[in-house]
1. Looking at segment 266-276, can you tell me whether even one residue there is of a type in the set (A, V, I, L, M) and part of a loop (DSSP other than H, G, I, E, B)?
2. Considering only segment 181-239, state which residues are part of a loop (DSSP other than H, G, I, E, B) and among the hydroxyl-bearing types (Ser, Thr, Tyr).
3. Being outside any strand (DSSP E or B) and either charged (D, E, K, R) or more than 21 Å from LEU503 (Cβ to Cβ) (or both) is the filter here; which residues of segment 425-445 pass it?
4. Select from segment 574-602 the residues that are modelled with pLDDT of 95 or more and polar (S, T, N, Q) and list them in ascending order.
5. Of the numbered conditions (1) within 24 Å of the chain's Cα centre (by Cα); (2) without any contact (Cβ under 8 Å) to a residue 60 or more places away in the chain, LEU697 satisfies every one except a single condition; which is it?
6. Taking segment 535-566, which residues are touching a residue at least 60 places away in the same chain (Cβ under 8 Å), among the hydroxyl-bearing types (Ser, Thr, Tyr) and in contact with a Leu (Cβ under 8 Å, 6 or more places away or on another chain)?
7. Do we have any residue at all in segment 143-164 that's within 30 Å of ARG433 (Cβ to Cβ), out of contact with any Asp or Glu (no Cβ under 8 Å at 6 or more places or on another chain) and without any contact (Cβ under 8 Å) to a residue 60 or more places away in the chain?
Amino acid sequence: MSTPPMTPLSCFSLRTTAGVLLVAALVTQAQAQEAVSLPSVTVQSSPSGADMPARNGVEKERKRLQQVPGGTNLAEPQKEARMATLRDALDYQPGIVLQDFFGGTDQPRLGIRGSGIQSNPVNRGVLLLQDGLPLNEADGSFIIGLIEPRNAAYVSARRGANAITPGATTLGGEVDFVSLSGADERGRVRAETGSFGRQGLQGALGVVGEQLDGRVSVSSDRYDGYRHHSASQRDTFQANVGFQGEGGFQNRTYLNWTDLAFQIPSVVPKDRISSDPRGVMGDGKTPQDQLLNVYKRDPRRAATQLRLANRSTWGSEALRHEVGVYWQDTDDLFNNQTNHTVTHSRTTGAQWQASGRPDGTAGAVGWRTALSWAQSQMERDLYATNPANGQQMQRFGSYDLDASNLQALASADWRVAPGWTVLGSLQWSQVTRDAASRTSAAQLDQDWNFATPKIGVNWELSPATRLWANLSRSHEAPTYWEILGATVAPNNPAAASAELVRLNMQRATTLELGGQGRLGEGAQALQWTAAVYRSVVADELISTTDANGIKVGTYNYRGGTLHQGVELGLSGSQRMGVGALDYRGSWTYSDFHFRAGEYAGKQIAGVPRHLINAEFMVRLGAWRFGPNLRWVPVSTPTDHANTAGTQQESYALLGLKVEWSDGPWALYLQADNVTDRRYASSYVIRNQATAAQPGYLPGLGRSVTAGLTYKF
């Protein structure tokens, strides 16, 4: 059995203790500075000093999203009691589908309107942003486990073609994680613990002055895992410093470092979901267990990333400029059981935007122009995996990969009548994906030039209600996870081979109708949002897996596909005697199917047809408590042929939560899957499957998490 890649507990204690000591030292230093009487510098959480981007940022972002004629989300993670995973930050958001893989800091599948649902591991389809600047590599790929949601003041999602960043052209849109600044909070210490060895620590300190502010955060997570061979860990350091000058000039610099590692328990046949949900291939005695023995093959992923970014804004409502630059260096090792993919990437990008309304806020016409550029240089090596110990064998592929994107955007809005605004934009992109072997003459250079137009209308039916409609185009180029293919038979690693695959760009035309509004006034008002969309997709990128659950390649589906759905969200509060009932919920309906071709009329595998999330919390003084529900009411195909008996079965997960908050102190106790339901949280996607093939990821069993937070 190979040694797992997780750091031992002693190392965990050392790192987390060091992190806490670092925060304590910073706090002591700040207190000492106050004692020495530095009147120009105070440490506080009230608004003052530089405010880009977060102070009062939620309200500013809410107003900005109200100008978008389409579906958006605005989540506030700091209002959540638990912040262990990405799900805690984005749950209950309509239109955002999260499918857990192993339940720790690993790689949940994130899907918006079906974009990127075929990727395995999840790595494309949505543009992830950190403070308005891309986190994706220039080829469009990302490692979702590198995100630390504890440091987000808010998360802004612009679904589909409603994206507003010049670099976003995909069907899925964009999700922006906007960092807390020193002006947002003086500091906090957070500790969490739970079932299956879950441990989490975070310490953060914010300092603010007349023109400068800064914040530093360190966090560490460990998780032994519910299933065998599913431990995970993540250590992060994030810091930012902001400056506010004369004439509205603001500048902020960001530094992020993340060290992520997790074991992969991989998939199992369908019957083991109920018979042995914590087991892996290798726990049984069958020939298939011996061939795919997880303990011996040691599938895992380990990634580190260093990121530096800077943003500046200046100007007024009549003319405002924004410039951002970023650089990130990432090392990534991914062993999928049969081969190691080892990648070192360096990504550089820049973004400029200018906007204005010549007649000020009351002007009838506004405009915006933008330019963005990004380039990634990657070195990727492929090694066969030794089936006896999980170590690297011979290298069968070595490539230089170069991706670049150059994009220009022009948009305008016109208030044609009271309550009516027409918006239009045109985006032009030049995209290249060049790949060359370092050990042979194999080479594949691809480039695309395309335009993505959009037109939309906003109608303010009343001060509390807004309706919208839009028509748009979207484009998505393949990433190097699709372009560079590897073929390794589990029983014959010596015959491993690699190839460069020429693929077309995925394209779609989308029509969307919807609205949002408020029913009632004050704290008891019901907030609602609804969107209906229909996307006609050409050359959809389809990635499939072999009989062992291992990715074998990607192709463009020639028959055309259709993505359509409904995204509905509700939230509010109802007074109840001396307390209140707080509620929120979402329903995401996804009807994705093949229009023609081999699978004409079949449902595209990958996303549940219905996903319902709901939470009801009774609020009494400092206490909040109540149940929550995650419900997939109908089964979901796991293969494109929709083979009977292979589907992900419907399930409902019941949770309970208790929260207490009093001044600087807050604590919570949360129970998930209290009925201990056995279900498949996710699965690999095939063209055609059988239930006996390994393809299902058992979801987490009953678990309890507790946490304590102190703000100072």
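The values are calculated or read from the model by the stated rules, or taken from the named source; none is laboratory data. Fair warning: this is a prediction, and the values are worked out from it, not measured in the lab. When we count neighbours, we look across all protein chains shown, and the Cβ atoms used for this are built from the backbone with ideal geometry, even at glycine.
1. yes
2. SER181, TYR226, SER230
3. Of the residues in segment 425-445, the ones outside any strand (DSSP E or B) are 438-442.
Scanning segment 425-445 gives ARG438, THR439.
4. Within segment 574-602, SER586, THR588, SER590 meet the criteria.
5. Of the numbered conditions (1) within 24 Å of the chain's Cα centre (by Cα); (2) without any contact (Cβ under 8 Å) to a residue 60 or more places away in the chain, the odd one out for LEU697 is (2).
6. SER535, THR554
7. Looking through segment 143-164, at least one residue is within 30 Å of ARG433 (Cβ to Cβ), out of contact with any Asp or Glu (no Cβ under 8 Å at 6 or more places or on another chain) and without any contact (Cβ under 8 Å) to a residue 60 or more places away in the chain.
Residue-wise test of (1) acidic (Asp, Glu); (2) under 30 Å from PRO299 (Cβ atoms); (3) at pLDDT below 95; (4) surrounded by 22 or more Cβ atoms within 10 Å (Cβ to Cβ).
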position	(1), (2), (3), (4)
LEU205	no, no, no, yes
ASP224	yes, yes, no, no
THR236	no, yes, no, yes
GLY247	no, no, yes, no
